[in-house]
Amino acid sequence: MHTSARHIASTHGGPLLVLASILLLLTGCSRATSAPEEQAAELPAAVQPAEAPSGAPLAPGDTTRTLTFDGIERQYILHVPSGYDAGRPTPLVLAFHGLSLDGSEMQRISQFNDEADASGFLVAYPNGTGKTASWNGGHCCSDAAVNRADDVGFVRALIGEISSLANIDAKRIYATGFSNGAIFVYRLACQLSDQIAAVGPIGATQVTADQEACPAGRPMPIIHFHGTADRMNAYEGGTVASGLEFTSVPQAMAYWAQRNGCPAEPQSSQMGSIVHDVYAPCTQDATVELYTITGGEHAWPGGEAVSAQVGEPTMEISATPLMWAFFEAHPLP
């Protein structure tokens, strides 16, 4: 099953809400259809980067902003690092939450704000749509897939809006996601490679049919984290109750390694329960990296749990600084 559940701190009904989220996802996935012609469409021409904003510089910290796209008012949290310099092009990380979560929960579990302040980049935490606050990864997931939400178009519009507010380095825009957010990030890797420089999915792969429909595009650097004991998004992939087939993590890595012109066999190392596979060298330096957490659950490594019912994170590694180091090394060519 492929989901996340909203963290409920010191309130009643936590396990029931987790179960409800899982059932909503399975129902939504079983009803969703994705038009192959939409998936296989040619990549749009790259959007030209906006000129550096001429207005007052953004103040450090968090602001909640709205963007109306496709007739829907969408919210996102924008975090500006403490050392932000409006005169210098600054990287941007887009962080996509899991099913039934929101941007503030993604902030909490990933702790990306701390890394942003330390390393000097902006982070945007957008909210999904529908009652289940979901992202349209193609065939999955929930309301967003059922309603065929144009989330790819929304992300392109979001990048444009943030570029009008801040001095964004157009070659250093990255995307990460957890669970349903990770499924969506893989869709961005397929359909927005003209703007997204590298991606970092955690805890989910694509529906096999969506991977097969991935249009030809620029090789995409990928760093993926996944636990072998993930009960929500099985490491081994397989067919869920709705009938959708998800690729296994090894299959997903092999697909992207081949697509990126990497060696078929990775360089592998292990420390404790962490297995690190690196597929390199690759075309345009589009390295594929996999961190397998042996016995790991459905959680953000080194971060905070969504809830105890969903899964506890390993503390042997911390995904956020590892991901940022990977992103920093992979700008758009």
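Give the peptides 159-169, 263-273, 220-230, 176-186 in descending order of average Cβ contacts within 10 Å, highest first. Each step should come with its number before you reach the end.
Numbers: 159-169: 19.2, 263-273: 11.7, 220-230: 24.0, 176-186: 30.6.
Highest to lowest by the protection proxy: 176-186, 220-230, 159-169, 263-273.
When ligands, DNA and RNA are left out and all protein chains stay put, how many square angstrom of accessible area per residue does region 202-271 have with a 1.4 Å probe?
40
Express the relative contact order of region 183-333 as a whole percentage, based on alpha carbon pairs under 8 Å and six or more residues apart in sequence.
Values: 322 pairs, mean separation 34.7, N = 151.
Reported as a whole number, the value is 23 percent.
In percent, what relative contact order does region 244-328 have, based on Cα pairs under 8 Å that are 6 or more apart in sequence? Spell out each step's value before the answer.
On the way: 131 pairs, mean separation 16.0, N = 85.
Answer for region 244-328 is 19 percent.
How much net charge surrounds residue 238 when only other residues with a Cβ under 14 Å from its Cβ are counted (Lys, Arg +1; Asp, Glu -1)?
Values: positive: 231; negative: 230, 236, 245.
Net local charge, residue 238 excluded: -2.
How many Å² of accessible area per residue for region 96-192, probe 1.4 Å?
Numbers: 2160 Å² over 97 residues.
For region 96-192, the solvent-accessible area averages 22 Å² per residue.
I need the shape label for region 211-333. Rule: rounded when a/c is under 1.5, else prolate if a/b > b/c, else oblate, with a, b, c from the alpha carbon gyration tensor. Don't jump to the answer; show the numbers that get you there.
Working: a/c = 1.85, a/b = 1.26, b/c = 1.47.
Oblate, since a/c reaches 1.5 and b/c is not below a/b.
Ordered by packing density, taken as the mean number of other Cβ atoms within 10 Å over each peptide's residues, highest first, how do 123-134, 96-107, 145-156 rank? List each step's numbers first, then the result.
Values: 123-134: 23.6, 96-107: 25.8, 145-156: 20.0.
In descending order of packing, they fall as 96-107, 123-134, 145-156.
Could you please state, rounded to a whole Å, how far the C-alpha centre of region 234-300 is from the C-alpha centre of region 102-173?
When both Cα centres are located, 23 Å separates them.
With θ set to phi - 60° and the Karplus curve 6.51 cos²θ - 1.76 cosθ + 1.60, what are the ³J(HN,Hα) couplings of region 160-169 in order, to the nearest whole Hz, using x for Gly and Pro?
Per-residue couplings from phi come out as x, 5, 5, 5, 7, 9, 9, 7, 8, 6 Hz.
I'd like to compare 242-248, 300-306: which one has the highest average count of other Cβ atoms within 10 Å, and what's the full order after that? Spell out each step's value before the answer.
Numbers: 242-248: 18.3, 300-306: 22.1.
Ranked by mean Cβ neighbours within 10 Å, highest first: 300-306, 242-248.
Is the shape of region 63-207 rounded, prolate or oblate, going by the alpha carbon gyration tensor and its root eigenvalues a ≥ b ≥ c, with a/c under 1.5 for rounded and a/b larger than b/c for prolate?
Details: a/c = 1.60, a/b = 1.53, b/c = 1.04.
It is prolate, given that a/c is not under 1.5 and a/b is the larger ratio.
Does region 102-180 classify as rounded, prolate or oblate by the C-alpha gyration tensor (a ≥ b ≥ c root eigenvalues; a/c under 1.5 gives rounded; else a/b over b/c gives prolate, otherwise oblate)?
oblate
For region 119-126, take each phi angle, set θ = phi - 60°, evaluate the Karplus expression 6.51 cos²θ - 1.76 cosθ + 1.60, and give the result in whole Hz per residue in order, putting x for glycine and proline.
Karplus-based 3J(HN,Hα) across region 119-126 equals 10, x, 9, 8, 10, 10, 10, x Hz.
Could you pull out every residue, at least 5 positions away or on a different chain, whose amide H is within less than 5 Å of the one on residue 261? Hs are placed 1.01 Å off N in the peptide plane, and Pro or chain starts have none.
Under 5 Å from the amide H of residue 261 lie the amide H atoms of 283, each far enough along the sequence or on another chain.
With θ set to phi - 60° and the Karplus curve 6.51 cos²θ - 1.76 cosθ + 1.60, what are the ³J(HN,Hα) couplings of region 255-268 in order, to the nearest whole Hz, using x for Gly and Pro?
Each residue's phi maps through the Karplus curve to give 4, 6, 5, 5, 4, 8, x, 8, x, 5, 10, x, 7, 10 Hz.
The values are calculated or read from the model by the stated rules, or taken from the named source; none is laboratory data. All values reported here derive from a predicted model rather than from experimental measurement. Quick reminder, even Gly has a Cβ in these numbers, built from the backbone with ideal geometry, and neighbours come from all protein chains shown. What goes into the accessible areas is simple: the full protein's heavy atoms, side chains included, and nothing from ligands, DNA or RNA. Shrake-Rupley method; radii C 1.70, N 1.55, O 1.52, S 1.80 Å.
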